[in-house]
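The values are calculated or read from the model by the stated rules, or taken from the named source; none is laboratory data. From a predicted model like this one, the values you see are computed outputs, not experimental measurements. Cβ atoms come from the backbone with ideal geometry, glycine included; neighbour counts cover every protein chain shown. Just so you know, the surface numbers come from the protein's heavy atoms only, side chains and all, with ligands and any DNA or RNA stripped out. Shrake-Rupley method; radii C 1.70, N 1.55, O 1.52, S 1.80 Å.
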Amino acid sequence: MKLTSLVTVSCLAFVLAIGAVGCKKNPTGITPLPYGATPRGNTGGNAFPPIQPVTPINTGGENGLGKGIAGEGDTIPMTGNRNINDPARARNTDQFAADTVYFAFDKAIVEQKEMGKISTVAEFIRKNPDHDILVEGHCDERGTEGYNLALGDRRALAVREALVAAGAPADNVHTVSYGESRPADPGHGQAAWTKNRRGVFVLVLPAR
C-alpha cells in the first residue's frame, strides 16, 4: 500500500516538473515582428520594437497611393494612371542626390533639419507636374531583412507625406522599400549606418 502511494506521488511530481519546464518554452505577451522575423539585435542589446506588418504590394487602394516593397526587379506599383514603369520614362537618380533625407536609428520620422530638402523636391514637382517622384526607403544592416523592409516602407511613406504637405501633388509621389539591400555605404560601423538610413528621391521623367 505504502509502495503504491509512493509510486503515485513520484509520478505526479514528475508530470508537474515536466509541465513547468515546458511552460518556459512558450512565453506569452511577445509581439512577433513582421513576416515572423526575429531581431538580430541592436546597439543597446534590446529587441527592436514591434511594428504593424505592411502589405508587400498595394497597387492603388482607396487612398490612391501606390506603394510596395521591391523584390528582385524594379517594377514599382502605380498610382492611378501614372505609369512610372513605362520604359519610355527614364529615371534620374542624380537630380536630387544632394536632397537625400536621413533618419535616426530605428525611426521613420522626417526631422526638422531635413525639411529644406523636402521643400526643394516639392517645389520642383509643383512646377513640373509631368514628372513623378519615386521615394526609396532604405535602412542600415541592423535588424532582420523583414523588419528592415517594413521600416524602409515607413520611411518612404513618411517622406511622401512630408512632400504632399509641402505642396507636391499626391498622384506624382510613389514609394518603395529596399530595406537593407541597397546600402549607400557597405561598411559595418556608425559612419556607414548613418548614410544608409535614408529616403532617396528618384526623378521619373516624362515619356520620350
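The set of residues in the stretch 177-192 being open to solvent by 40 Å² or more (accessible area, probe 1.4 Å) and part of a helix (DSSP H, G or I) consists of Q190, A191.
I'm checking my understanding of the structure. Among residues of the stretch 88-124 that are assigned to a helix (DSSP H, G or I) and of a type in the set (K, R), which one is nearest to G199 (Cα to Cα)? Spell out the reasoning first.
Initially, the stretch 88-124 is screened for residues assigned to a helix (DSSP H, G or I), giving 97-99, 112-124.
Of the ones still in play, those that are also of a type in the set (K, R) are 113, 117.
Values: K113: 14, K117: 11 Å.
Once the filter is applied, the top-ranked residue is K117.
Considering (1) open to solvent by 40 Å² or more (accessible area, probe 1.4 Å); (2) more than 15 Å from A166 (Cβ to Cβ); (3) basic (K, R); (4) over 20 Å from the mean Cα position of the chain (by Cα), the lone condition that K107 does not fulfil carries the number (4). Scan the stretch 120-131 and give yes if some residue there is out of contact with any Gly (no Cβ under 9 Å at 6 or more places or on another chain), under 17 Å from K107 (Cβ atoms) and modelled with pLDDT of 95 or more, otherwise no. There is no residue in the stretch 120-131 that is out of contact with any Gly (no Cβ under 9 Å at 6 or more places or on another chain), under 17 Å from K107 (Cβ atoms) and modelled with pLDDT of 95 or more.
Selection of first residues in the stretch 194-207 that are in a loop (DSSP other than H, G, I, E, B) and of second residues that are crowded, with 21+ Cβ neighbours inside 10 Å, restricted to Cβ pairs under 8 Å at least 6 apart or on distinct chains, gives the following pairs, ordered by first then second residue: R197/F103; R197/H138; R197/C139; R197/D140; R197/R155.
Filtering the stretch 67-91 down to residues that are under 13 Å from V202 (Cα atoms) and open to solvent by 40 Å² or more (accessible area, probe 1.4 Å), which residue is modelled with the highest pLDDT?
R91
Just so you know, in the stretch 125-161 the residues that are of a type outside the set (D, E), outside any loop (DSSP other than H, G, I, E, B) and without any contact (Cβ under 8 Å) to a residue 60 or more places away in the chain include one that is most open to solvent (accessible area, probe 1.4 Å), and it is K127. Within the stretch 110-124, the residues that satisfy the criterion of being surrounded by fewer than 15 Cβ atoms within 10 Å (Cβ to Cβ) and acidic (D, E) are E111, E123. Restricting to the stretch 158-191, name every residue that is within 15 Å of the chain's Cα centre (by Cα) and farther than 15 Å from V121 by Cβ. V176, S177, Y178, G179, E180, S181, R182, P183 - these are the residues of the stretch 158-191 that are within 15 Å of the chain's Cα centre (by Cα) and farther than 15 Å from V121 by Cβ.
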